[in-house]
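The values are calculated or read from the model by the stated rules, or taken from the named source; none is laboratory data. On a predicted model such as this, the values are computed, not experimentally measured, just so you know. Every residue, glycine among them, receives a Cβ derived from its backbone with ideal geometry; neighbour counts consider all protein chains shown. Accessible surface is based on the protein model in full, side chains and every heavy atom, while ligands, DNA and RNA are left aside. Shrake-Rupley method; radii C 1.70, N 1.55, O 1.52, S 1.80 Å.
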Amino acid sequence: MLPAPFRLFFVAVPLLVAAGALAMAAFPRKLTAWQTRSPDGSTQRIEPSDTRILAMRAMGVVVAALALLMVVANFAFIP
């Protein structure tokens, strides 16, 4: 049986990964939009294409599902 800090680590890290992946799936435009500034002072916003947004949402859900599966598997393997 592993000590409590190790068990907490193996649960906390996948939960943080799942939270980040779900945030990326929920708000891909806010997390990937860039604000650029030219030498003359004008600004421009760069956003990814709709296909990339869709791919980011799908991969965010997949990564979150795998991370939550790791949490469940950790409880199965580490009592």
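Is it the case, given these coordinates, that Thr32 is among the β-branched types (Val, Ile, Thr) and either modelled with pLDDT of 85 or more or in contact with a Ser or Thr (Cβ under 6 Å, 6 or more places away or on another chain) (or both)? It is false that Thr32 is among the β-branched types (Val, Ile, Thr) and either modelled with pLDDT of 85 or more or in contact with a Ser or Thr (Cβ under 6 Å, 6 or more places away or on another chain) (or both).
When Thr43 is tested against the conditions (1) within 14 Å of the chain's Cα centre (by Cα); (2) at pLDDT 90 or above, the lone failure is (1).
Taking the range 14-27 as the range and being small (Gly, Ala, Ser), closer than 19 Å to Leu54 by Cβ and in contact (Cβ under 8 Å) with a residue 40 or more places away in the chain as the test, only Ala21 passes.
Val11 passes every criterion in (1) open to solvent by 50 Å² or more (accessible area, probe 1.4 Å); (2) touching a residue at least 40 places away in the same chain (Cβ under 8 Å) apart from (1).
When you scan the range 19-26, do you find a residue that is surrounded by 11 or more Cβ atoms within 10 Å (Cβ to Cβ) and either among the β-branched types (Val, Ile, Thr) or part of a loop (DSSP other than H, G, I, E, B) (or both), even just one?
Filtering the range 19-26 down to residues surrounded by 11 or more Cβ atoms within 10 Å (Cβ to Cβ) leaves 19-26.
Keeping just the survivors that are either among the β-branched types (Val, Ile, Thr) or part of a loop (DSSP other than H, G, I, E, B) (or both) gives none.
No, there is no match, as no residue in the range 19-26 is surrounded by 11 or more Cβ atoms within 10 Å (Cβ to Cβ) and either among the β-branched types (Val, Ile, Thr) or part of a loop (DSSP other than H, G, I, E, B) (or both).
Remark: pairs (first residue in the range 28-48, in a loop (DSSP other than H, G, I, E, B); second residue open to solvent by less than 100 Å² (accessible area, probe 1.4 Å) and of a type in the set (Val, Ile, Thr); Cβ separation under 8 Å; 6+ apart in sequence or on different chains) = Ala33/Ile46; Glu47/Thr32; Pro48/Thr32. Contact map, the range 56-67: first residue closer than 23 Å to Ala33 by Cβ, second residue open to solvent by 80 Å² or more (accessible area, probe 1.4 Å) and part of a helix (DSSP H, G or I), Cβ cut-off under 8 Å, separation 6 or more or different chains; pairs are Gly60/Leu22; Val61/Leu22; Ala64/Leu22.
Of the listed requirements (1) in contact with a helix residue (DSSP H, G or I) (Cβ under 9 Å, 6 or more places away or on another chain); (2) surrounded by fewer than 13 Cβ atoms within 10 Å (Cβ to Cβ), Ser49 misses just one: (1).
Please indicate, with yes or no, whether at least one residue in the range 28-40 is polar (S, T, N, Q) and either open to solvent by 70 Å² or more (accessible area, probe 1.4 Å) or in contact with a His (Cβ under 7 Å, 6 or more places away or on another chain) (or both).
Initially, the range 28-40 is screened for residues polar (S, T, N, Q), giving 32, 35-36, 38.
Okay, now just the ones that are also either open to solvent by 70 Å² or more (accessible area, probe 1.4 Å) or in contact with a His (Cβ under 7 Å, 6 or more places away or on another chain) (or both), so 35.
Yes, the range 28-40 has at least one match.
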